[in-house]
1. How many of the residues in the range B:253-299 are part of a helix (DSSP H, G or I) and of a type in the set (Lys, Arg)?
2. For residues that are within 30 Å of residue B:224 (Cα to Cα) and part of a strand (DSSP E or B), tally how many sit in the range A:217-252.
3. Could we say that residue B:184 is within 14 Å of chain A (Cβ to nearest Cβ), of a type in the set (A, V, I, L, M) and within 28 Å of residue B:246 (Cβ to Cβ) here?
4. Is it the case, given these coordinates, that residue A:105 is surrounded by fewer than 23 Cβ atoms within 10 Å (Cβ to Cβ), within 14 Å of chain B (Cβ to nearest Cβ) and assigned to a strand (DSSP E or B)?
5. Across the range B:152-174, what is the total count of residues that are away from chain A (no Cβ under 12 Å) and farther than 24 Å from residue B:125 by Cβ?
6. For the condition among the β-branched types (Val, Ile, Thr) and within 22 Å of residue A:71 (Cα to Cα), what is the one hit in A:157, A:153?
7. Restricting the first residue to the range B:300-326 and requiring it to be not assigned by TED's automatic domain parsing to the domain that holds residue B:343 and crowded, with 20+ Cβ neighbours inside 10 Å, which pairs with a second residue that is of a type in the set (Gly, Ala, Ser) and assigned to a loop (DSSP other than H, G, I, E, B) meet a Cβ separation below 7 Å and a spacing of at least six or different chains?
8. What about residue B:182, is it farther than 16 Å from residue B:141 by Cα, at pLDDT 90 or above and of a type in the set (Gly, Ala, Ser)?
Amino acid sequence: MRFLLLIVICLAPFGSLAAAQAELDDLEQGAIAAAVDVAEKSVVQIRTIGGIDQLEGQTLAQGPTTGLIISAEGLIVSSAFNFAQQPTSILVRLPDGKQRAARIVGRDDNRMLVLLQVETFDELPAAEPADLASIRPGNWAIALGRSFNPEEVSVSVGVVSALRRMHGRAIQTDVNVSATNYGGPLIDLQGRVMGILVPMAPQSPGAAEANVTAGSEFYDSGIGFAIPLVDVLAVVDRWVDEQDLHRGLLGIGLKPGNPHSTAPIVANVWPRAPAAIAGWRAGDRIVAVNGVEIATQTDLRFQTMPHYAGDKLQVTLRRGAGAKAKRIETEVTLAKELPPFLHPFLGVLPERPENGNEADVSPADAANDKPADDTAENEVTDESAGKQADGEEIEGLAIRAIWPGSPADDAGLRRGDRLLRIGDKEIDSVEQALAELNGKSPGDSLQLAARRAGEELKLQVALAELPKNVLEAADLGAGDDAKVDGELGDPTLQTLKLPEMSQTARYLQPPSGPSAPGLLVWLGEGKSETAEAMAAQWQRTCVRDRLVLLMPEPADAGGWTNDDMEYLARLLQTAGSRWQIDPRRIVVAGQGKGGQLAYALALRGRKLIRGVAAVDSPLPRTLEVPENNPNERLAILAIETQNSPLAPLIRKDLQKFADAGYPVTQIVRRGEEKGDATLDGATRAKLGRWIDGLDRF
Amino acid sequence: MCAPRDRFLSLFLSALAVASFPTALTVMPPIAAARSLHDSIRDAQRKVVKIYGAGGVSGLEAYQTGILISAEGHVLTVQSYVLDTDELGVVLDDGRKFTADILGVDPVRELAVLKLPVEDDALPHFNLAASPAAKVGDRVLAVSNLFNIAGGDEPVSALQGVVSAISPLDARRGSHQANYHGNVYIVDAAANNPGAAGGALVNWRGELLGLLGKELRSSATGAWLHYAIPVDQFVASVESMENGQTVADSAADSPKATDPLSLGDVGIVLVPDILPRTPPYIDSVVDDSAAARAGLRPDDLLVLVEGEPTASCAAVVDQVGRRESFDDVRISVLRAGQLIEFTLNAEPIESPDPANEQQGPDDENVAPDESDAVNRDEPADEPDAEPSNAEDVSVDNRDGSSTDGNDRPVE
């Protein structure tokens, strides 16, 4: 037993240490309880009544939630998550047990908060904010909620993990944060409120739609966020006045690169956006915001993200390089949303890209091909034929047609001219022309340079908006119907099947020609006899306008379902490479339900699809019109049967697209051809020409 | 089963283990009251056992945790599929392994008491009778073999946190509501993960506070819960299980009335309940009913019954049903953004004194007119809608209750 004795002797000093530690544990425990006592009087329970059950497939919490009293007059702040269901009525249970009706004063979609007002004649115990300077990582942090038990707050204890998270908007903590305490306070050991607990999705600068439930999947994970109360109090008067506070936008794109190491250089400026109004230009380097030096894109976000729409920023830019570089001081007022992008229009229809090599249209090759051109719509005028023959015109972009009444028409550009420059930018592809024009707005005026018969012309034009009409056949150059007739015969339908997919697609291919064909995907009823009929009817248009007609069939004979979407997306990819489709002429179309599916497909596949043609199909109710994007131009063609009962609905949808800046076109067809599944000849021809004109600019 | 020789060996080893652990010795009186966190963890770990049984397929773990509750080898754990085997293995902190028998189960709390065939009677154990209660904010330890991290004589895992809340358990597993609805300790440690059920929740002195439950999601938020059932909620049940009894399902926890009050009794017709959360708007008020006399109106939103929030039609029906048919019922409605409280008197007393706690601001003038108007319209338009049913119900009630001798004016 000498062994044991030895241990006892050794342990004597440890014993007193343990005692001290235990005493410290008790003191800490007492301090936490005292802090909770101080803060808990400002924590209320909130009940909501009515509203939706689900948001984007996620079932919304139905239980009581938490809020924090921030003024004696009854202002209460809570997490936007708690109001995602958009309740019809709100009840607040004050800490003294009284129930009060409350109304939403406003939302803050930058910090994911909601401000409530309860009707009260009593002075309410407002939370005391903790000074930001006193909050440091490692400090005790206690999260309070009132969802479990109205009589007693719930408590989770941890530390402050980090400051200035979410680009300077939130404190990070390791306490358990979840729907049980969203809207409740994160307090310090003195019982002062450091912040309001909210779910926030980490690092998602590009997310356009602010989803109030984003980040809630990280509940109880050791990563929680709280919006500093001092930041909320700083804007609360304005919040009450303006009701809703929004994230502030500049309206610029940045040159791509690692955001933590790449300098913020403006890649493009959204027309009419705050940055455009302040005079920013592509190529400008952002040097400082409100006097704070900016080295990286992340630095820039830290300066802009905490601000709201309506805030003014003093931004210093550096423009130009080397000795010519100059500093420019600007003042920019952040906007809630960017004005819809309106595609500017010059009035030029470029030559169709050459077959098999659609991206790089080399003018020399195009010229060589011209004499061999045997398609109807590419008939060559004498004048341009002469130019092609001399073989000297290798620069610029060949003009196939001029839109009647367009700025180009007014300025005197003609078919056969070659466009050399827009502004001072050399142009020899459609891509370059669009890139140049997308930085402009309708109404802007600019200078063009073109070449005609060896002479350079300088023209001044004022840009218009993309037109709504479809070009007449005559505007495209007289179509040689006889030639088309010569190509017609028995249409040969072929079948395309994708590996591992049960669906099949039938297609009709135009005869090989000099220019890349367009693609018309028709989402029909999927019956093969219809495909035969379709092929017979569409053959002329397909030959004349060089279109591949692709008619996929749904997996389920009952019709199209959402499950077919993946198949269609893959089919489009396959078709694009299989036939070397001209990327500016990929169109999905359909009638009725097929048209609605075409909308769904087009709005999801905007990188690929350039046009959607819907026959008697309103926009599906589940779809919203997304923001227009200059780089993913999507043209909308609505074909409506005369006196269709759906007409008012369809026109309303079309207006929505037009308001958002999309190029929309409407065709009203006469409804006499009953029983015929597809369109009448005139409408088919118009649809073909619409596709033919999709690369206009 | 351990062979006798093995057991002797393991006894010897465990004696060594104890000897090498000074804090287990009782020879340090000055600091006995203030033990360190380390001591508390070690002390609790010795009283927690690893349980191995059925399972092991399709995401069902074949292990859980239990706690020793007697020196003779009684083990408390959760009742689960893991126990559905004849070869239920229990491994003590010192590594000894036994095959346990099930003495009794409590299907409401989903608990089971096992007995280990031990011959010594000096096992370290939690004393249920001497277990303290915890408060919200108290620092706690969850001690269990979660994720089966520990094997053999390895001590089980300890997690620290605080008691977040003490609240009735409102939880579900999949689509099934949990059987137990009593109070639980909600903790802010990730305590209830696979294998943790049956583990101990102890305070920083190592004293047992509760038993960690199975993995459940909150019905209110859908979030996973971390919780333990407090000792006082199961101490009586454990006693009967130890005596080999299977506890009968006596979970009459919802205070249902014997002769429940209905909305018809007070003359309220809610809007048709078509959604899970149909807001409880009053569709119409039956003429001459308690609701009409109190001044309730169509389109009032009925948000509180007896102070309990009622966010849906179903919640109103449930809350009203907890009152007896002869009880007054206190309700609050939202009307034009104002919260107004009323007390409804189920009995149709033709009293000349209408001052039965009416609190509506302008009841006297407006209410009678409106309820009249409602009554003229409703029965005519919808002959078999609720108003007439409601009348029937209240007539029934009158008949029924007049037999128990209450004097009330009939007709």
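1. 1
2. Result for the range A:217-252: 5.
3. Taking the combined requirement at face value, the residue satisfies it.
4. yes
5. Of the residues in that region, 3 qualify.
6. Only one candidate qualifies: A:153.
7. Hits for this filter: zero, empty list.
8. yes
The values are calculated or read from the model by the stated rules, or taken from the named source; none is laboratory data. Treat the numbers as computed from the prediction; the structure is a model and nothing was measured. Positions of Cβ are generated from backbone atoms using ideal geometry, with glycine treated the same way; all protein chains shown enter the neighbour counts.
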